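Written below as structure tokens is the structure these notes are about.
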Amino acid sequence: MKYNSLLLKSIFIVFLLTACINFVNAQNVISKKGQATLKSCEKYFAENNDAHLKEFIEFTSIPSISSIPAHKPDIEKAAAWIIKKLQAIGLTTVQLIPTEGNPVVYGCWVGAKDKPTVLIYAHYDVQPVKEAEWNHPPFAGEIENGRIYARGASDDKSGVMIPIWAVEAMLKTNKSLPVNVKFIFEGEEEISSPHFQKFLIDNKELLKADFALNGDGSQINDSTAAILMSLRGSVKLEFTIKTANIDAHSGWYGGKTPNAAIDLAEIISSFYNKDGSIAVEGFYNNVLPMTNSEKEMENKFPYDSLTDRKILGTTAETGDTNFTPMERVWYRPTLEVTGLQSGYTGEGFSQIIPGSAMARVSSRLVYNQSGDDVIQSIIKHINKNCPVGATVAYKYIPGYIRPLKFPSGTRAYNYLSAVLTNVYEKPPVPIAVGYSTGSLIDIKEQLGIYPYSLGVQQPDEKAHGANEFLRLSSLLTGQMLYCTYFIYVGEQEGK
């Protein structure tokens, strides 16, 4: 564990003072008894900060990469680590529930008689890493300048630990919770949750709840909260172009033999029109125009293209010029090339004509689109534009995720909005996002409740990329958000 304890304590005191000021407002919506509980939680977090940081470093040090089979033992280790933690904080029930893939961790505390039940979802699996691109070891949990650097620190091991610590604080200081709580922590979200739907179907009674929260959520920045209203779906496809049985000697065959890499490039370039729109026939079928409320939401969002470019290190902004950047990300489908492979790219130089070339493409879907229809339209386009002398083969990638929209005006929405408004001292900004989370629509369809997002990830924290990090201040903010939410919902539902 690499951090200066005195420095971290000083940083935490500053964070705590700021948080205490912010959470005075939160107390305005809860009773005096609730205020006392909230103060007890603040004190508990301050006293246990070092222990919680140590736990977070231990947890993020486990390389629980779900997309690489060799890390299966690490997935199991991470699940076992969560089980041990849930048992230590005194939950009613804790169990590891197997699936056909990675296990789901379940835990509950159901001692609040005649009170509602809140189901909390998050995932403990993480993305792969390219270690050479990291300034800090991706699985060592190093702390620097008020940030913890580790794969999964932001996405989504913070989403697992923050609500656990909130429940821990309440149980340790008050011996009870103002609501019943059920946890489900999944180990396959980063591979599109292929077994999660069946898990929900098989355990509907166990998971019965009144409200649901998604810990894998985000805020705009330290001072501005967000409330998620929609997210896109996703489909993936891999295709291979073959022009010869072997790579050919370019001196003997160059100029008369088809080049698979060039043919692949021609196909990919045919996907797009000059204005940045998708040229695939039928691709935009069933895409609905933005509603007036969605246009209003997009207009109010504080978008800054310079900030995005600075985060990514890019110098230009591209896309369909018929729509604004946020319209493209929130409410328009995309077709992206996510991987290419052809020829020889190892050490040295090989003068060959590639006999095969492979591409992986991904499409982000918007509400009302069919993933099957989109994939078929892409395949038809590739077949139509495949050059003479080339053949094409397809590999379907599992993990079709449907898009999802969340309603406003419901009790669940109003409770979350009220908590965010009071904690951040201003109303949350309604947002949509361009990414996909298949488990959320599964929760809605199988359990009949919308899993509204309550997390503290921020856009610049390099989730899925090198040098992923989480602000230490976000840990405290998240802990107090969940405590405030539990108290507020318990009191509102008890009226």
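The values are calculated or read from the model by the stated rules, or taken from the named source; none is laboratory data. Not measured: the values here are computed from a predicted model. All Cβ positions, glycine included, derive from the backbone under ideal geometry; neighbour counts span all protein chains shown.
For the range 363-407, a tally of residues being β-branched (V, I, T), assigned to a strand (DSSP E or B) and farther than 23 Å from E190 by Cα returns 2. Scanning the range 321-336 for residues that are surrounded by 13 or more Cβ atoms within 10 Å (Cβ to Cβ) and either out of contact with any strand residue (DSSP E or B) (no Cβ under 8 Å at 6 or more places or on another chain) or not charged (D, E, K, R) (or both) yields F323, T324, P325, M326, E327, V329, W330, Y331, R332, P333, T334, L335. Consider the range 382-413 and keep the residues that are charged (D, E, K, R) and surrounded by 12 or more Cβ atoms within 10 Å (Cβ to Cβ). The one that is nearest to A260 (Cα to Cα) is R402. Among the residues of the range 166-205, those that are of a type in the set (V, I, T) and modelled with pLDDT of 95 or more comprise V167, T173, V179, V181, I184, I201. I'm trying to understand the selection: among the residues of the range 344-360, which are touching a helix residue (DSSP H, G or I) at 6+ places or on another chain (Cβ under 7 Å) and either surrounded by fewer than 16 Cβ atoms within 10 Å (Cβ to Cβ) or not small (G, A, S) (or both)? Hits for the range 344-360 are Q351, I352, I353, P354. In the range 296-320, the residue that is nearest to V429 (Cα to Cα) out of those that are surrounded by 12 or more Cβ atoms within 10 Å (Cβ to Cβ) and among the aliphatic types (A, V, I, L, M) is M297. Taking I184, is it surrounded by fewer than 16 Cβ atoms within 10 Å (Cβ to Cβ), in the same structural domain as I83 (by TED's automatic domain parsing), outside any loop (DSSP other than H, G, I, E, B) and not polar (S, T, N, Q)? Spelling it out, it is not the case that I184 is surrounded by fewer than 16 Cβ atoms within 10 Å (Cβ to Cβ), in the same structural domain as I83 (by TED's automatic domain parsing), outside any loop (DSSP other than H, G, I, E, B) and not polar (S, T, N, Q). Once the range 370-381 is narrowed to residues that are surrounded by 19 or more Cβ atoms within 10 Å (Cβ to Cβ) and touching a Leu at 6+ places or on another chain (Cβ under 9 Å), the residue that is nearest to A279 (Cα to Cα) is I378. Summed over the range 100-110, residues that are crowded, with 17+ Cβ neighbours inside 10 Å and out of contact with any strand residue (DSSP E or B) (no Cβ under 8 Å at 6 or more places or on another chain) total 1. Residue-level analysis places E336 among those that are at pLDDT 95 or above, of a type in the set (D, E) and either within 22 Å of the chain's Cα centre (by Cα) or not assigned by TED's automatic domain parsing to the domain that holds E461 (or both). All conditions in (1) in a helix (DSSP H, G or I); (2) of a type outside the set (F, W, Y); (3) on the phi > 0 side of the Ramachandran plot hold for P163, with the sole exception of (3). Taking first residues from the range 143-163 that are over 14 Å from I62 (Cα atoms) and partners that are β-branched (V, I, T), the Cβ contacts under 6 Å between residues at least 6 apart in sequence or on separate chains come to G146/I11; P163/I120. Of all residues in the range 372-413, which are within 20 Å of the chain's Cα centre (by Cα) and farther than 22 Å from I227 by Cα? Correct list: I397, P398, G399, Y400. So T240 ticks every box in (1) out of contact with any Leu (no Cβ under 7 Å at 6 or more places or on another chain); (2) touching a residue at least 40 places away in the same chain (Cβ under 8 Å); (3) not assigned by TED's automatic domain parsing to the domain that holds C386 but one. Which box is left unticked? For T240, the failing item is (3). Kindly indicate whether W109 is among the hydrophobic types (A, V, I, L, M, F, W, C) and over 20 Å from D156 (Cα atoms). In short, yes.
Hey, among the residues in the range 480-495 that are among the charged types (D, E, K, R) and at pLDDT below 95, which one's nearest to the chain's Cα centre (by Cα)? If we take residues in the range 480-495 being among the charged types (D, E, K, R) and at pLDDT below 95, then E493 is nearest to the chain's Cα centre (by Cα).
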